[in-house]
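> The structure that follows is given in the form of structure tokens.
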Amino acid sequence: MTPTQGQDSRAPRQRAVYRKHHRLTHSNEFKAVYEARLKKPIGPIVVFALPNKLGHPRLGLSIGRRVGGAVTRNAVKRRLRDAFRQIAAGWPEEKAGLDLVIVVRPHETRSPASYQSMLESAIDRLIKLIEKQAKEPEP
């Protein structure tokens, strides 16, 4: 469809995407994030973080069977991935290089906005913790 046929001719809106290079896919990647011991629990989620040098954030999800059946677990995954996508789309460069693993505890499924606010809060706290550790001299 051409712009003259009724389509809006404005510049295309940038979409928040979640591609394969934004994912943690191997157990050694998850293990490295866990071993960094940078974590913040908030509500039913625990967010682990590890700075990376890739220039973009990566996400890994860990949702056990105790959270619920497959439908429930997949709904929670979709909501968390969407929250991550929305948050990461507006990140400045200093936040961009993070590997995140989200561990989900058993809970009642919440709204997408709830997951997004919890995730934003946890990530902001983790970034402050990382900045604090970077400023402290090692003994």
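Bear in mind that the values in this text are calculations on the coordinates, not laboratory data. Computed from a prediction, not measured in an experiment: that's the story for all the values here.
> Return the ratio Rg/(2.2 N^0.38 Å) for segment 20-134, where Rg is computed over Cα atoms only.
On the way: Rg = 13.3 Å, N = 115, 2.2 N^0.38 = 13.4 Å.
Compared with the compact-globule rule of thumb, segment 20-134 sits at 1.00.
> Here are some pairs, K31/K53; K31/K132; K40/K132; K39/K128; K39/K132; which of them have Cα atoms lying more than 19 Å apart in this structure? Don't skip to the end; give the middle numbers.
On the way: K31/K53 17 Å; K31/K132 23 Å; K40/K132 15 Å; K39/K128 12 Å; K39/K132 14 Å.
Listed pairs above 19 Å: K31/K132.
> Right, here's the next one. Amide H to amide H, which residues 5 or more places from I42 or on other chains are under 5 Å from it, using H placed in the peptide plane?
V47
> Next question, about the same structure. Report, for segment 20-134, the % of DSSP beta bridges that are antiparallel, rounded to 5. Walk me through the numbers on the way to the answer.
Values: 11 of 18 bridges.
Around 60 percent of the beta bridges assigned by DSSP in segment 20-134 are antiparallel ones.
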